[in-house]
1. So, Val5, is that one under 12 Å from Asn71 (Cβ atoms), assigned to a helix (DSSP H, G or I) and open to solvent by 30 Å² or more (accessible area, probe 1.4 Å) or not?
2. Which one of these does Arg31 not meet: (1) open to solvent by 70 Å² or more (accessible area, probe 1.4 Å); (2) within 8 Å of the chain's Cα centre (by Cα)?
3. Would you point out which residue out of Leu68, Leu18 is out of contact with any Lys or Arg (no Cβ under 7 Å at 6 or more places or on another chain) and open to solvent by less than 80 Å² (accessible area, probe 1.4 Å)?
4. Within the stretch 42-65, does at least one residue satisfy the condition of being farther than 30 Å from Thr4 by Cβ, touching a helix residue (DSSP H, G or I) at 6+ places or on another chain (Cβ under 9 Å) and surrounded by 15 or more Cβ atoms within 10 Å (Cβ to Cβ)?
Amino acid sequence: MSETVLDILQYYGAGAALLAAFIVSLNVGTRATGWAFVIFVTSSIALIAWGFLNDEGEGIGWQNIGLLIINAVGVYRYLIVGNPQDGETAREND
């Protein structure tokens, strides 16, 4: 595999995960969080590919298989079934 392709996968995966985590940290609502999980899914896919195409990245590949499953649950939870308390924030529940 070309080093350029591996670099793109690696840096896209890392950057997308940072962006998604930032969006989740903003706590701006269910829909935004759901789309952040979509970004997490793309990050996991990139890092799975990087992990198994790279001679030294198998552990990252396996880790991201687990994260892909978790992120898919997030997409399902936030975008497909939605939040029954849509619009409510943690502060409102205190």
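The values are calculated or read from the model by the stated rules, or taken from the named source; none is laboratory data. These figures come from a predicted structure and were not determined experimentally. We place every Cβ from the backbone using ideal geometry, glycine too, and count neighbours over all the protein chains shown. Heads up: the accessible areas ignore ligands, DNA and RNA and are worked out on the full protein's heavy atoms, side chains in. Shrake-Rupley method; radii C 1.70, N 1.55, O 1.52, S 1.80 Å.
1. Working: under 12 Å from Asn71 (Cβ atoms): no; assigned to a helix (DSSP H, G or I): yes; open to solvent by 30 Å² or more (accessible area, probe 1.4 Å): yes.
No: the conditions fail for Val5.
2. All conditions pass for Arg31, except number (2).
3. One residue alone meets the criteria, Leu68.
4. Of all residues in the stretch 42-65, those farther than 30 Å from Thr4 by Cβ come to none.
The answer is no; no qualifying residue exists.
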